[in-house]
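Chemist: Below you will find the structure I want to go over with you.
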Amino acid sequence: MSGIQEVYELVEKGKAKKVAAAVQAALDEGCDPTAILNEGMIDAMDVVGNKFKNGEIFVPEMLIAAKAMKNGVEVLKPHLASGVAGAAGKFIMGTVAGDLHDIGKNLVIMMLESAGFEVIDLGVDVPKEKFVETYLENPDTKIIGCSALLTTTMPALQEAVELLNKQEFRSKIKIMVGGAPITQEFADQIGADAYTEDAASCAQRAKELSAELG
Ligand code: B1M
């Protein structure tokens, strides 16, 4: 079995204790870190999500798969991250109110940090006011990013962006949104500056937006 396949199976089965060693073994075999992430872990989480949707597994199984993926990402982190911390500017990031999913957000943060951003991580279930308060405490922030993973928390994302859009400091920042149910159309509709599909494209676009702000 290839190293990536091993990682995939361990994440899908939620074998949290074994994943770190399997990721290390895949790296030692010479597997590309991005392929380990995408094909080994994110694809496995998609299978887990589909099994949940079909009623084959339940929340506890999703939770242990998430734990397994987190353990794997820890090993992968130094191999994906490389930038000079803070050089690209400050980025405030959080998962919106009512939403507890943080794996995608954490990957986005990892890629942002590797692109040189200093990221303030507000965590999950972040009330919309917290994004504003954090900006006011950190007025040198360039970008605020919001993640939403549930169709039921898309309204919370909308409310957060709408609140940010009303602020006096609005012209000094860019707002980025993302998460599996989010689309470019939705991002346009709620008045965000950018939507990106995954962590790597978020970091890429953030650099462009940061450069636009000067
Ligand atoms: Co949840 N869950 N979950 N879950 N869960 C999903 C999202 C779901 C699609 C599963 C399914 O049914 N197929 C489904 C949502 C359906 C819908 O909205 N229509 C779902 C559900 C229903 C739920 C609960 C309601 C279940 C219940 O209790 N009945 C519940 C809600 C809890 C809550 O938030 N209030 C729930 C709970 C959980 C756990 C806590 C058990 C666990 C999360 C643990 C954790 O995050 N610490 C969990 C998990 C693990 C999942 C799945 C299986 C995996 C999520 C994940 O980490 N994916 C998920 C199915 C799936 O995604 N395939 C599912 C991997 C991650 C790398 O991808 O987060 O999409 P993702 O991030 C990507 C991009 O979206 C993007 O970049 C990332 C990396 O490339 N991105 C951005 C994310 N944020 C971005 C921001 C940006 C730009 C890009 O700019 C700022």
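Chemist: Place the peptides 43-52, 171-180 in order of packing, highest mean first, counting for every residue the other Cβ atoms within 10 Å and averaging per peptide. Walk me through the intermediate numbers first.
Modeler: On the way: 43-52: 16.4, 171-180: 19.7.
Per-residue Cβ counts within 10 Å, averaged per peptide and sorted highest first, yield 171-180, 43-52.
Chemist: Please express the shape of the chain as an equivalent ellipsoid: the semi-axes are the square roots of 5 times the eigenvalues of the C-alpha gyration tensor, given largest first in whole angstrom.
Modeler: Values: eigenvalues 190, 83, 34 Å².
Values for the chain, descending: 31, 20, 13 Å.
Chemist: Could the peptides 198-207, 58-67 be put in order, highest first, of the mean number of other beta-carbon atoms found within 10 Å of their residues? Can you show the working numbers first?
Modeler: Values: 198-207: 20.0, 58-67: 15.2.
Packing proxy ranking, top to bottom: 198-207, 58-67.
Chemist: Moving on. Determine the calculated [θ] at 222 nm for the chain from helices alone, applying -39500 (n - 2.57) to every DSSP H run no shorter than 4 residues and normalising by the residue count; nearest 500 deg cm²/dmol. Mind dumping the intermediate values first?
Modeler: Numbers: 9 runs with 112 residues, N = 214.
When only DSSP H runs of four or more count, the value is -16500 deg cm²/dmol.
Chemist: Principal axis extents for segment 134-214, Cα atoms only, whole Å, descending order, please.
Modeler: Taking max minus min along each principal axis of the Cα atoms, segment 134-214 gives 32, 26, 20 Å.
Chemist: Quick check: Cα centre of segment 87-158 to Cα centre of segment 61-82, how many Å?
Modeler: Centre-to-centre distance over Cα atoms comes out at 19 Å.
Chemist: While we're here: Check segment 3-79 and count each lysine pair with an alpha-carbon distance under 14 angstrom, considering only pairs eight or more places apart or from different chains.
Modeler: So the count works out to 9.
Chemist: Which of the peptides 132-140, 9-17 is most tightly packed, and how do the rest follow, judged by the mean count of other Cβ atoms within 10 Å per residue? Walk me through the numbers on the way to the answer.
Modeler: Numbers: 132-140: 13.4, 9-17: 19.6.
Per-residue mean Cβ counts within 10 Å order the peptides as 9-17, 132-140.
Chemist: On to the next question. Do you know the relative contact order of segment 3-79, to the nearest whole percent, from alpha carbon pairs under 8 angstrom that are 6+ apart? Before the final figure, lay out the partial values.
Modeler: Details: 97 pairs, mean separation 34.9, N = 77.
Relative contact order, segment 3-79: 45 percent.
Chemist: Next question, about the same structure. Using the Cα centre of segment 103-165 as origin and beta-carbon charges of +1 (Lys, Arg) and -1 (Asp, Glu), tell me which of Gly104, Ala160, Ile120 is placed farthest towards the positive end of the dipole.
Modeler: The Cα lying farthest towards the positive end belongs to Gly104.
Chemist: D for segment 27-146, whole µm²/s, Stokes-Einstein with Kirkwood Rh over alpha-carbon pairs at 37 °C and 0.692 mPa s: what number? List each step's numbers first, then the result.
Modeler: Numbers: Rh = 15.8 Å.
In µm²/s, the coefficient rounds to 208.
Chemist: Using Cα pairs under 8 angstrom and six or more residues apart, how large is the relative contact order of the chain, in percent? Write down the numbers at each step before the final one.
Modeler: Working: 374 pairs, mean separation 35.9, N = 214.
Rounded, it is 17 percent for the chain.
Chemist: How high is the FRET efficiency from Gln24 to Lys130, r the C-beta distance, R0 41 Å, rounded to 0.05? Intermediate results must be reported in sequence, preceding the final value.
Modeler: Numbers: r = 36 Å, r/R0 = 0.89.
About 0.65, to the nearest 0.05.
Chemist: If the convex hull of the alpha-carbon atoms of segment 79-179 is projected onto planes in all directions, what is the mean projected area in square nanometres?
Modeler: On the way: hull surface 23.2 nm².
About 5.8 nm², averaged over all directions.
Chemist: For segment 128-176, what is the relative contact order in percent, using Cα pairs closer than 8 Å and at least 6 residues apart in sequence? List each step's numbers first, then the result.
Modeler: Numbers: 34 pairs, mean separation 26.0, N = 49.
Value for segment 128-176: 53 percent.
Coordinate-derived values only; no laboratory data. Just so it is clear, the structure is predicted and the values come from calculations on it, not from any experiment. Note that each Cβ is placed from the backbone with ideal geometry, even for glycine, and that neighbours are counted across all protein chains shown.
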